[in-house]
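Have a look at the structure below before the remarks.
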Amino acid sequence: MTPNWMGVLVLTLCVALPVAAQDSRPDFAAEYQSLESAFRKESRDFQASIQKLFKEAQAKGAQVDYESLPKPPDADFVPRFEALAERSKGTDTELSCLLWVFQFGGEGVFAILPPSGEVKQPQKQTADMKAAAAIMERHASSPKLGDFAQGLMYRGGLPGNGDIAREYLAKLAKDSPHKEVRASAITAQLLPAHEGGDKAKAEPLIALLKKDYSETKIYKEQVEGILFEREFLSIGKVAPDFELSDIDGKSFKLSDYRGKVVYLDYWGFW
Amino acid sequence: MLPHEKEMVARKKNQPFALLGISSDTDRESAIKRMKAEGITWRQAMEGSTSGPLATKWDVHGWPTIFVLDHKGVIRFQDLRGEELEKAVDELLKEVPAPAK
């Protein structure tokens, strides 16, 4: 019996050791997954607790004290994703971590603004922009940068980080090997120009998108809306008609209101 | 916004003026409850989300987004607020031809 047992043991070790050795190599992707799901869970808990506070205050007819609200979990997770990015440098997981930090590591991305609507001036090198710099340095040719470009667009409008965000966008628009990423970056350059009424800047971007990018996802999602607006929704044009049901279930058309001055209000309580 | 809108609607009750609300609230029931509680009397339609079909088509990215149309249905002003908005409406009301007697 004993020799047989020895044989089994040796055999087991021979099989098990390489597996164990393989297992001891860090599985970055799995680490990312579990970190990400931990974050999601804490975010859900956070949002639930905020909603509860608001409901309680509403029930009492009281104002919510913004100072005493719990803080979102984002800031606590930033160093954890940064650490994983550092350890997994050069891998796809690093990029996932950097994109996460870019999305959630900015100041005030998920901040609850006080009723005054005041926005604090962001610091120069916030975690999100540090992540953006690393993404541009090591992952600028990744196909996964479509949303990143959209995020850069919002930062392009902020004081402090605007110049550098716009510089990254220009690079992506020109140099990304992926059509969707370039389209997203060009669209991200177009939107602020369009909204700011800067025709000189918007026209060539629209022409470029129309010519080379009309089959991309972002074109269908965002650019077509802009083209519709430019064609039909500018001041001096007859508003395109629509038909809707009101909250009492009666349907009506915008054109029912010819003869009246119409104040059309896209709004919401939230 | 709401108080001023209510005032405007009250002030222009007998004039050819209409306020139309396209709400992007997601929770239909509670939004309707609040509209009633706030005393909103003007017509409201609900899109159910900020990416509702009409808001998307009209390229609405910020709320509120306000268009002022003249009596011919021409878009004349966008994104005015408060006093300026009411002044614009008053200008357009002057353009509405008096009803034939």
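Where a number appears in this text, it was derived from the coordinates with a stated rule and is not lab data. Computed from a predicted model, the values in this text were never measured in an experiment. With ideal geometry, Cβ positions are generated from the backbone for all residues, glycine too; neighbour counts draw on all protein chains shown.
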In debye, nearest 20: dipole of the protein assembly as shown around its Cα centre with unit charges on the Cβ of K, R (+) and D, E (-)? 680
Number of partner chain Cβ atoms within 10 Å, mean per residue of B:71-78: 6
To the nearest 0.05, the calculated FRET efficiency linking A:ASP246 and A:ASP76 through their beta-carbon distance, R0 being 41 Å, is 0.35
Need one number: the % of Cα-Cα pairs in chain B sitting beyond the 17 Å mark. 57
What size of dipole, in debye to the nearest 20, comes out for chain B about its Cα centre when the only charges are +1 on Lys and Arg C-beta atoms and -1 on Asp and Glu C-beta atoms? 460
How would A:TYR154, A:TYR266, A:TYR257 line up from fewest to most surrounding beta-carbon atoms within 10 angstrom? A:TYR154, A:TYR257, A:TYR266
Which of the lysines could a cross-linker span from A:LYS71 if the Cα-Cα distance has to be under 23 Å and same-chain partners fewer than 8 positions apart are dropped? A:LYS41, A:LYS52, A:LYS55, A:LYS60, A:LYS120, A:LYS124, A:LYS130
Averaged over residues of A:246-257, the number of beta carbons from other chains lying within 10 Å of each residue's Cβ is 4
How do A:157-165, B:75-83 rank on mean C-beta neighbours within 10 Å, highest first? A:157-165, B:75-83
Summarise the partner chain shielding of B:2-10 as one whole number: the mean count of Cβ atoms from other chains within 10 Å of each residue's Cβ. 1
Estimated distance in nm for a label pair at B:ARG81 and A:TYR66, the labels positioned 7 Å out from Cα along Cα-to-Cβ: 1.4
Looking only at lysines whose Cα falls under 25 Å of B:LYS57's and that sit 8 or more positions away or on another chain, we get A:LYS179, A:LYS199, A:LYS201, A:LYS210, A:LYS211, A:LYS217, A:LYS220, A:LYS237, A:LYS250, A:LYS253, A:LYS260, B:LYS72
Report the Cα centroid-to-centroid distance between region B:1-22 and region A:79-95 in angstrom, as an integer. 55
In 10 Å bins starting at zero, report the fraction of Cα pairs in the protein assembly as shown per bin as a rounded %. 4, 17, 23, 23, 17, 7, 4, 2, 1, 1, 0, 0
